[in-house]
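Engineer: Can you keep this structure in mind? I'll have questions shortly.
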Amino acid sequence: MTFLIIDDHPVILEFLESLIKQTESNVEIIKTYSVEDALLILKSNQIDRVICDLQIKSGKSLVIPEFCCKNEIPYMVFSSYINKSLIDSLKSMKITGYVSKGSKTEDLLTGIRKLIASENYLCPEVEQEQFIKDDTDTPRPLLSKAEIRILKAYNNGLNTDEIAELLHLKPVTVRNHRARALERNLCGFQELTRRFIFWEE
């Protein structure tokens, strides 16, 4: 069985490797720090199981779950980021397991055992969160590709005129994209930015 582990913290990579080897003796483990490398590995190797973080500096958070879902590879998320909308989104991507980084080692071991057996598992912290709908929930924003480019530019500190020049648009077009994004997501700009950062960056 070949595992791919994706996390941008070397200590976590080593910790996960040791737990997998403790659980399964006949296993090959490939580790990487980046989403880009992970995708190359997934496309060029026979990977049987994946464990990934959702917040990796060099890649979008849901690229790996989306790839695993599409290619029917059992995967477990090991991440600090949990909320109801995120759990619902991952369930739609046929997640096998989800363990919070704040969980006990025994919960993580259970998650790894269940992943090896292709059985579903949510650690107690994640299991509880899926039933809670409160102000800390972060729904995924509905954005077009143009709106994503514009929000990234705003998040980089550019103003409307600078974004228009950068993207070869008229300032009114930039404002229209921003307004449509706010209208579609039924929130103000600060809230949209918070959701955008959580899901897209």
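Engineer: Students often get this wrong, so check it: of Lys21/Lys114; Lys31/Lys94; Lys70/Lys91, which have C-alpha atoms separated by over 20 Å? Intermediate results must be reported in sequence, preceding the final value.
Structural biologist: Details: Lys21/Lys114 14 Å; Lys31/Lys94 23 Å; Lys70/Lys91 13 Å.
Distance filter (> 20 Å) returns Lys31/Lys94.
Engineer: Hey, another quick one. Could you give me the ³J(HN,Hα) list for the stretch 76-92, computed from phi with Karplus coefficients 6.51, -1.76, 1.60 and θ = phi - 60°, whole Hz, x at Gly and Pro?
Structural biologist: 10, 8, 10, 8, 7, 8, 9, 6, 4, 4, 5, 4, 4, 5, 5, 4, 5
Engineer: Which residue, Ser89, Ser79, Ser44, tops the fluctuation ranking in a GNM of the chain built on C-alpha contacts under 10 Å?
Structural biologist: Greatest mean-square fluctuation among the candidates belongs to Ser44.
Engineer: Additional query: So for the chain: antiparallel DSSP bridges make up what percent, rounded to the nearest 5? Please report the intermediate quantities before stating the final value.
Structural biologist: Values: 1 of 19 bridges.
Looking only at bridges with both residues in the chain, the antiparallel portion is about 5 percent.
Engineer: Compute the FRET efficiency between Lys70 and Phe15 as 1/(1 + (r/R0)^6), taking r as their Cβ-Cβ distance and R0 = 41 Å, and round to the nearest 0.05. Could the numbers behind the result be given before it?
Structural biologist: Numbers: r = 28 Å, r/R0 = 0.69.
After rounding to 0.05, the efficiency reads 0.90.
Engineer: Using r as the Cβ-Cβ distance of Tyr81 and Val172, and R0 as 30 Å, what FRET efficiency do you calculate, to the nearest 0.05?
Structural biologist: 0.25
Engineer: What is the distance in Å between the Cα centroid of the stretch 61-116 and that of the stretch 26-47?
Structural biologist: For the stretch 61-116 versus the stretch 26-47, the Cα centre distance is 16 Å.
Engineer: If you don't mind, there's one more thing I want to ask. Give me Ile197, Ile41, Ile20 ranked fewest to most by other Cβ atoms within 10 Å of their Cβ, as a rough exposure proxy.
Structural biologist: Ile197, Ile41, Ile20
Engineer: Report the residues of the stretch 84-120 in range of a label on Gln46: point 7 Å along Cα→C-beta, backbone N strictly under 13 Å from it.
Structural biologist: Answer for this model: none.
Engineer: Then there is this: Along the charge dipole of the stretch 2-129, Cβ charges K/R +1 and D/E -1, which of Leu16, Ile47, Ser85 sits furthest on the positive end?
Structural biologist: Checked the options; the winner is Ser85.
Only the coordinates and a few stated rules stand behind these numbers; no lab work does. The shown structure was predicted, so the numbers you read here are calculated from the model rather than taken from an experiment. Neighbour counts are summed over all protein chains in view; Cβ atoms, including those assigned to glycine, are modelled from backbone coordinates with ideal geometry.
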